[in-house]
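So the structure is just underneath, and the comments pick up after that.
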Amino acid sequence: MKTQTSSTKELTLSDTIKMLCSASIKHLQSYKGEDVVVIDLREIADFVDYFIICTGTSDVHVRALADAVI
């Protein structure tokens, strides 16, 4: 599957997923998420490419991090 951007550059699905993963990490970091870890699951599972884990300093902080990414 390929998508087109306004500059007519074609992106592969893999490129799009990597960009989304990178944007998610930056977003978590902007919300002060700590210890951000990305686990590459492409060779292990068919239903997911990457799993992103981070920690927060309180229950409220963790909920805010989850809401920010979703």
Subset of the range 10-29 (residues that are open to solvent by less than 50 Å² (accessible area, probe 1.4 Å), in contact with a helix residue (DSSP H, G or I) (Cβ under 9 Å, 6 or more places away or on another chain) and in contact (Cβ under 8 Å) with a residue 24 or more places away in the chain): SER24, LEU28
Tally, over the range 30-48, of residues that are open to solvent by 100 Å² or more (accessible area, probe 1.4 Å) and closer than 25 Å to ASP67 by Cβ: 4
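The values are calculated or read from the model by the stated rules, or taken from the named source; none is laboratory data. Quick caveat, the model's predicted, so the values are computed rather than measured. Because the Cβ atoms are built from the backbone with ideal geometry, glycine has one as well, and the counts that use them run over all protein chains shown. In case anyone asks, the SASA skips ligands and DNA or RNA and just uses the protein heavy atoms, side chains included. Shrake-Rupley method; radii C 1.70, N 1.55, O 1.52, S 1.80 Å.
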